[in-house]
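Undergrad: Starting off with a structure, shown below.
The values are calculated or read from the model by the stated rules, or taken from the named source; none is laboratory data. Nothing here was measured: the structure is a model prediction, and the numbers come from that model. Cβ placement follows ideal geometry from the backbone for every residue including glycine, while neighbour counts extend to all protein chains displayed. Note: accessible area is taken over every heavy atom of the protein model, side chains too, but ligands, DNA and RNA are not part of it. Shrake-Rupley method; radii C 1.70, N 1.55, O 1.52, S 1.80 Å.
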Amino acid sequence: MTKETILLVDDDQDIQNLQRLYLQKEGFRLHFANSGKEALKIAAEQQPGLIILDVNLPDLDGFEVCQSLRQYTKVPILFVTGRSDDVDTILGHRIGGDDYIYKPFNPSVLVAKVKAHLRRYRELTSVPKDSSVQELQHVLMFGDLIIEKEQCTVKKGGKEITLSTKEFLLLCFLAENPNRVFSLERIFDKIWGEESLGDYRTVMVHISNLRKKIEKDPSKPEFILTVRGLGYKFSGDQ
């Protein structure tokens, strides 16, 4: 049974109990927070492997909590909300959220999403047995843009850039396949897979986020280019 730690942030006790029931059955270790400030305190102390975060909290809202968490952690963050507003969804992804779970939710879907995100995060952060031999293969350099896969860091002009897990995975995928064009569907399938329900706008939001972080002028990108009618490609030679 898995032993990953999950932080559940929700002020609705019934929702917490439902999440507890299904996630504990899967062997997850759980921590609980009823407010945004409490969530930040527990996250810093316990360093959970995944966070399930309600958008509507009594003090800080989920978006504010997510922004604070993204200052120091890349672990998956799943928003839980009763609102299906596209603006909220786009904002959640833009500030570093990895997925959305809409109330009322199917607990089995919740568990499936949690497992999928944890699996992908483990793959992202796993270190090769012989890292000294493979070190060069795990550093991608494009001018002053440096992607260090083992450390899960990105630097631009010598300055480290904070990316969410999905932003980092997306950048690595494109950068590992320079000058190849990928459709929205192909990118979505590779990075999100079964974790979401096929909302390809998620890809566009994450591309926009990456451009703001790694491009000198996001409106005239040098790295992540749009190929009209086909998709996106990463332009550059190592």
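Undergrad: Read through the list (1) at pLDDT 90 or above; (2) in contact with a helix residue (DSSP H, G or I) (Cβ under 7 Å, 6 or more places away or on another chain), then give the number of the only condition that T165 fails.
TA: The single condition T165 does not satisfy is (1).
Undergrad: Take Q16 and tell me if it is outside any strand (DSSP E or B), free of Cβ contacts under 8 Å to residues at least 40 places away in the same chain and open to solvent by less than 10 Å² (accessible area, probe 1.4 Å).
TA: Details: outside any strand (DSSP E or B): yes; free of Cβ contacts under 8 Å to residues at least 40 places away in the same chain: yes; open to solvent by less than 10 Å² (accessible area, probe 1.4 Å): yes.
Answer is yes for this residue.
Undergrad: Can you tell me which of (1) open to solvent by 30 Å² or more (accessible area, probe 1.4 Å); (2) more than 27 Å from V154 (Cα to Cα); (3) small (G, A, S); (4) in contact with a Leu (Cβ under 7 Å, 6 or more places away or on another chain) is the one S35 doesn't meet?
TA: Single failed check for S35: (1).
Undergrad: Can I ask one more? Just give me the residues in the stretch 19-32 being open to solvent by less than 20 Å² (accessible area, probe 1.4 Å) and either over 21 Å from R119 (Cα atoms) or among the aliphatic types (A, V, I, L, M) (or both), in sequence order. Talk me through it step by step, then tell me what you get.
TA: Going residue by residue through the stretch 19-32, those that are open to solvent by less than 20 Å² (accessible area, probe 1.4 Å) are 19, 23, 27-28.
Listed by number, the list holds a single entry, L23.
Undergrad: A further question follows. Given (1) in contact with a strand residue (DSSP E or B) (Cβ under 9 Å, 6 or more places away or on another chain); (2) modelled with pLDDT of 90 or more; (3) more than 21 Å from V203 (Cα to Cα); (4) outside any strand (DSSP E or B), where does K113 come up short, assuming only one miss?
TA: So K113 meets the others, but not (3).
Undergrad: Taking L53, is it out of contact with any strand residue (DSSP E or B) (no Cβ under 9 Å at 6 or more places or on another chain) and either of a type in the set (K, R) or on the phi < 0 side of the Ramachandran plot (or both)?
TA: Values: out of contact with any strand residue (DSSP E or B) (no Cβ under 9 Å at 6 or more places or on another chain): no; either of a type in the set (K, R) or on the phi < 0 side of the Ramachandran plot (or both): yes.
No: the conditions fail for L53.
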